[in-house]
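Taking it in order: structure first as structure tokens, then the write-up.
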Amino acid sequence: MHKYKIVIWESQSNISGGQQVALNIAGCLHHKYDLSFIIPAPGRLSDELNNMGIDVNYIPIGSYQRERKSAADIIKFLWFTPPVLLKLYRIAKDADLIYANSTKLFIWSAIVGSMANTPVIWHLHNLLIDNKSRMLVEFFGKWRSVKKIIAVSHATKKHYERLGDKIEVIYNGIDTAQFTAAPHGTDMPGKTKKIGIIADLLPIKGHDTLIKAIPRIKKKVPVHLMIVGASADNNVEYEMKIKRLVRELDLGQDVEFMGYRSDVPDILKSLDLVVVPSSSFEACPMAVLEAYACGVPVIGSDMGGIPELIEEGKTGYIFKARDVDDLAEKILLIFENPQLYVKMRINSRKIAEERFDLRESAKKIESIILQNI
């Protein structure tokens, strides 16, 4: 039986939210299709793919600022374009589909798709704040080679309205079988509450807002904050900044920096609450879905697609981004109401199974693939 050859192109070699989505999709589809990946360099992602028996190719693409692109970014992009196009063409010319999993790759994939007469699907995980970059993506998104664009939230789709019917919303999925909820009773009063933030150490992730909220919470409830994640994009300055903030607020005994961890499901089971305090656009953060899969309520900022994932008063609360007082108030609203908390735990696991099941999202993605091969 002929297996369609699909090339999945990813812009990072390590594993964050978007890369986990790609791994999840690969896990669901690689037995049915001839999958191969393209990533910039060996790393944790290639290790996972090798364990799954999936072929991995390497194309360096350079590093770029996450938000507004500088003149240096544009020059670097132009410098990398010829070798990237050549290498991608050699890999993808015999493929049935190119699946680009990052906005950094969209333009190149559209060009090679046209050169090789190979259909292209884009998976849109974030928002381009830089207007010039967004205009370029919208221009190339209209090319015939780009058959479909998958947006992970309605908030994401809204920012690319010019691409019209090419965009379809499919929320990220979670394999609930890999996560189990630890039993929690109603004996919360007096117990030290464990709060977690699971995110790369980047300014846009809002760690500082959550850290500043801890002293306000401590006045009423004992808490311990667990920060899971490592510096991304070599942004060591931000890591030093938030560690300095912890010292200035005398929170050394209350805040734990855990670095990158591969045992996130086990950490989640030990938490009472997950906070996603992002200060910039978030499309569909996997941290919310993973928390739900472990039956852990979530408090998230009002940025991007986060409000689409949280059911107010049922699975958590939304707070105004960067508003320390609002965040502290929402956290206390949960911790000071044990019966509400228990209901939220039950609701969180339920919503993970009913709204964000990986098998359902994979079926939708597979349907789009089959319609466009």
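Summary of computed values
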item: Hull volume in cubic angstrom per residue (convex hull over the Cα atoms of the range 59-141); result: 85 Å³
item: Percentage of interatomic Cα-Cα distances in the range 220-339 larger than 19 Å; result: 52 percent
item: Where Rh is the Kirkwood radius over Cα pairs, Rg/Rh for the range 265-315; result: 0.94
item: Three semi-axes of the equivalent ellipsoid, the range 144-297, Cα gyration tensor, whole Å, largest first; result: 32, 21, 14
item: Cα-Cα separations in the range 103-159 greater than 13 Å, expressed as whole percent; result: 57 percent
item: The range 1-45 pair-distance distribution - Cα-Cα, 5 Å bins, rounded %; result: 5, 22, 30, 22, 13, 5, 2
item: Ordering of 174-180, 32-38 by packing [mean C-beta count within 10 Å, highest first]; result: 32-38, 174-180
item: The range 53-172, dipole about Cα centre (Lys/Arg Cβ +1, Asp/Glu Cβ -1), debye to the nearest 20; result: 280 debye
item: Relative contact order (percent, whole number), the chain, Cα cutoff 8 Å, 6+ residue spacing; result: 15 percent
item: The range 331-373 - charge dipole about Cα centre, Lys and Arg +1 at Cβ, Asp and Glu -1, debye rounded to 20; result: 60 debye
item: Cα point-scatterer Debye curve for the range 1-136, base-10 log of I(q)/I(0) at q = 0.12, 0.14, 0.15 Å⁻¹; result: -0.45, -0.62, -0.71
item: Cα centroid separation, the range 228-288 to the range 195-211 (Å); result: 5 Å
item: The range 57-200: relative contact order in percent, alpha carbon pairs under 8 Å with at least 6 residues between; result: 17 percent
item: Overall Cα dimensions of the range 19-65 - principal axes, largest extent first, Å; result: 35, 18, 16
item: Fraction of accessible area attributable to carbon and sulfur, the chain (%, probe 1.4 Å); result: 50 percent
item: Semi-axis lengths, Å, the chain, gyration tensor of Cα atoms, sqrt of 5 times eigenvalues; result: 37, 22, 18
item: Solution diffusion estimate, µm²/s, Stokes-Einstein, the range 112-207, Kirkwood Rh from C-alpha pairs, 4 °C, viscosity 1.567 mPa s; result: 76 µm²/s
item: Per residue accessible area in Å² of the chain, where ligands, DNA and RNA are left out and the probe is 1.4 Å; result: 45 Å²
item: Which of M135, S278, F106, positive extreme of dipole for the chain (C-beta unit charges); result: M135
item: log₁₀ of I(q)/I(0) at q = 0.31 Å⁻¹ - the range 309-359, Debye sum with one point per alpha carbon; result: -1.13
item: The chain: calculated mean residue ellipticity at 222 nm from DSSP helix runs of at least 4, using -39500 (n - 2.57); result: -13000 deg cm²/dmol
item: Contact order relative to length of the range 251-317, as percent, for alpha carbon pairs under 8 angstrom and 6 or more apart; result: 29 percent
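The values are calculated or read from the model by the stated rules, or taken from the named source; none is laboratory data. Small disclaimer: the values here were computed from a predicted structure and weren't measured. Positions of Cβ are generated from backbone atoms using ideal geometry, with glycine treated the same way; all protein chains shown enter the neighbour counts. SASA here: full protein model, heavy atoms, side chains in, ligands and nucleic acids out. Shrake-Rupley method; radii C 1.70, N 1.55, O 1.52, S 1.80 Å.
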